[in-house]
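The values are calculated or read from the model by the stated rules, or taken from the named source; none is laboratory data. It should be emphasised that the depicted structure is a prediction, and the values quoted were computed from it without experimental measurement. Cβ placement follows ideal geometry from the backbone for every residue including glycine, while neighbour counts extend to all protein chains displayed. Each accessible area value is taken on the protein alone, full model and side chains, heavy atoms only, with ligands, DNA and RNA left out. Shrake-Rupley method; radii C 1.70, N 1.55, O 1.52, S 1.80 Å.
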Amino acid sequence: MPAPDLARIVSLAKRRGFVFPSSEIYGGIGSSWDYGPLGVELKRNVKEAWWRSMVYERDDVVGLDSAIIQNPQVWVASGHADNFTDPLAECPSCHKRYRPDHLDDPEKCPDDGAALSPARLFNLMFKTFAGPVEDSASQVWLRPETAQGIFINFDNVLTAARAKLPFGIAQIGKSFRNEITPGNFIFRTREFEQMEMEFFVKPGDDERWHAHWIEERLAWYKALGIREENLRLRAHEPGELAHYAKATSDVEYRFPWGWGELEGVANRTDFDLSQHEAASGKTMKYFDQEANEHYFPYVIEPAAGADRAALTFLFDAYDEDAAPTGDGKEETRVVLRFHPDVAPVQVAVLPLSRNAKLTPTARAVHAQVRRAFRAQYDDAQSIGRRYRRQDEIGSPLCVTIDFQTVESDNAVTIRNRDTMAQERVPIAELTDALRSALRAMGSARV
Ligand code: ATP
């Protein structure tokens, strides 16, 4: 199945309530998007899966939630005030702005062929003012990455968590970049969520840990069902490296417009900690008791985007196949084959029809199921249409309550999204049966 085009995903996302254009009633605003009832669940599940694998399942990583607005000195010391720039060139005839490094011909306007203006460097940080006075003393930046919040808390966390190298600090939160050319839906926006972890190691151990985290992060996407042929690793060329990095490898996904970065795994060396020590005058070194010496740890950083990951799960899950309509014919079925740990709804509870005889039992089954799984109750329209809808939002399992359930056997039917197989199960055994079915579909959580 070839990857669906972007328009198809954007339209499904809007129709089913994953992602809406932001401020739509006022004509929208460039690159902002709002997550609807299913999208918010998808993104929460992505973040939860990341936090679980980075924090809960490890002994050597703790979490943090630092502020978006920090002392501006943070961004001077980190180098962002001077170096966090992208090249910007303008077309003198149509006045469109471009990133020449993203164009096939960096000197020509892709729209009308005119020669672009010479590129100038444009700083991507959003500026604003803290407090009522709009002067340079009150100017602050919105953070363009969550990482610096981690570095400036290095000593606090080290002491409070009684940590020893190697150890990491993980954080999920919003970042802001005044991107010159946002686009491709939620792939590149000006406001987005990052999932970053800074892993502090002894200098000299950094290359081994870098290799380790590159493999770990690639494996995370595969474990959540992203198809292997759509994933690859790409090492940065020396000229492409960020100002703080000794080496970086990106995990990339094959989007319909080409390979795109899902996350960068960088070896940031001791750049950030030494910069903050020099600028703040506070020690940022680690005391190694065994070696009896103070030194700056090196830092390995896997930095991912929650929105890009959510988009990737949408693309990779999309499929179409032929499904029986019930009257001997077949129709094309759109199905999102989400991994059960990221699917917004894991189990849909569907009475055969909206009927006073079925409703009390169906409601009781829903109450039982929702205690253990992300569940949804739906009794509107025909059962066939409801199956189609659950397929299209990627719910792995449906539970159907019919007249036989209430009249004779006290059992229900579990329908599997992928095989469309149906299995009759006593209500008393339903929770266990759903759990094993979700595990068989790859869940590591239920
Ligand atoms: P790009 O080259 O695509 O601009 P980057 O290399 O600048 O990305 P990093 O600074 O490494 O990105 O940020 C880590 C991750 O944060 C990226 O891999 C991506 O998933 C996410 N990210 C960065 N910028 C954006 C953005 N404008 N919109 C959505 N996600 C973003």
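The conditions of being touching a residue at least 24 places away in the same chain (Cβ under 8 Å), among the charged types (D, E, K, R), open to solvent by 20 Å² or more (accessible area, probe 1.4 Å) and not in a loop (DSSP other than H, G, I, E, B) are not met by R363.
Name the residue, out of A163, A130, that is assigned by TED's automatic domain parsing to the domain that holds Y298 and touching a strand residue (DSSP E or B) at 6+ places or on another chain (Cβ under 8 Å).
A163
Assigned by TED's automatic domain parsing to the domain that holds R162, over 30 Å from A375 (Cβ atoms), more than 16 Å from the ligand (Cβ to nearest atom) and of a type in the set (A, V, I, L, M), is that true of A279? So A279 fits the description; yes. Checking each residue in the stretch 373-392 for being more than 13 Å from Q346 (Cα to Cα) and outside any helix (DSSP H, G or I) picks out D378, D379, A380, Q381, S382.
For the stretch 154-172, the condition of being in contact (Cβ under 8 Å) with a residue 40 or more places away in the chain, within 12 Å of the ligand (Cβ to nearest atom) and either of a type in the set (D, E, K, R) or surrounded by fewer than 17 Cβ atoms within 10 Å (Cβ to Cβ) (or both) holds for none of the residues. Sub-6 Å Cβ pairs linking a first residue in the stretch 300-328 that is under 30 Å from D270 (Cα atoms) to a second residue that is among the β-branched types (V, I, T), at least 6 apart or interchain, are P302/V265; A306/V46; D307/I186; A309/V46, ordered by first then second residue. In this structure, does K285 turn out to be in the same structural domain as V61 (by TED's automatic domain parsing), within 15 Å of the ligand (Cβ to nearest atom), open to solvent by 60 Å² or more (accessible area, probe 1.4 Å) and touching a residue at least 12 places away in the same chain (Cβ under 8 Å)? Considered against the rule, which asks whether it is in the same structural domain as V61 (by TED's automatic domain parsing), within 15 Å of the ligand (Cβ to nearest atom), open to solvent by 60 Å² or more (accessible area, probe 1.4 Å) and touching a residue at least 12 places away in the same chain (Cβ under 8 Å), K285 comes out as no. In this structure, is M195 under 17 Å from A304 (Cβ atoms), within 16 Å of the ligand (Cβ to nearest atom) and surrounded by 13 or more Cβ atoms within 10 Å (Cβ to Cβ)? It is true that M195 is under 17 Å from A304 (Cβ atoms), within 16 Å of the ligand (Cβ to nearest atom) and surrounded by 13 or more Cβ atoms within 10 Å (Cβ to Cβ). Can you spot a residue in the stretch 90-104 that is within 16 Å of the ligand (Cβ to nearest atom), in contact (Cβ under 8 Å) with a residue 12 or more places away in the chain and in contact with a helix residue (DSSP H, G or I) (Cβ under 8 Å, 6 or more places away or on another chain)? No, every residue in the stretch 90-104 fails to be within 16 Å of the ligand (Cβ to nearest atom), in contact (Cβ under 8 Å) with a residue 12 or more places away in the chain and in contact with a helix residue (DSSP H, G or I) (Cβ under 8 Å, 6 or more places away or on another chain). Of all residues in the stretch 130-144, those that are on the phi > 0 side of the Ramachandran plot have Cβ atoms under 8 Å from Cβ atoms of residues that are outside any strand (DSSP E or B), 6 or more apart or on another chain, in G131/S138. Number of residues in the stretch 19-37 that are out of contact with any strand residue (DSSP E or B) (no Cβ under 7 Å at 6 or more places or on another chain) and within 21 Å of P344 (Cα to Cα): the value is 1.
Criterion applied to E179, E207, E216 was being in a helix (DSSP H, G or I) and either within 21 Å of the chain's Cα centre (by Cα) or within 10 Å of the ligand (Cβ to nearest atom) (or both), and the one residue passing it is E216. Just so you know, in the stretch 290-319 the residues that are closer than 23 Å to I150 by Cβ and away from the ligand (no atom under 16 Å from the Cβ) include one that is nearest to the chain's Cα centre (by Cα), and it is Y298.
Summed over the stretch 139-153, residues that are within 16 Å of the ligand (Cβ to nearest atom) and assigned to a strand (DSSP E or B) total 2. Checking the structure you have, find out if any residue of the stretch 230-238 is within 16 Å of the ligand (Cβ to nearest atom), in a loop (DSSP other than H, G, I, E, B) and in contact with a strand residue (DSSP E or B) (Cβ under 6 Å, 6 or more places away or on another chain). The answer is yes; a qualifying residue exists.
Go through L262, L224 for me and flag whichever is under 15 Å from the mean Cα position of the chain (by Cα), within 16 Å of the ligand (Cβ to nearest atom) and more than 22 Å from P144 (Cβ to Cβ).
L224
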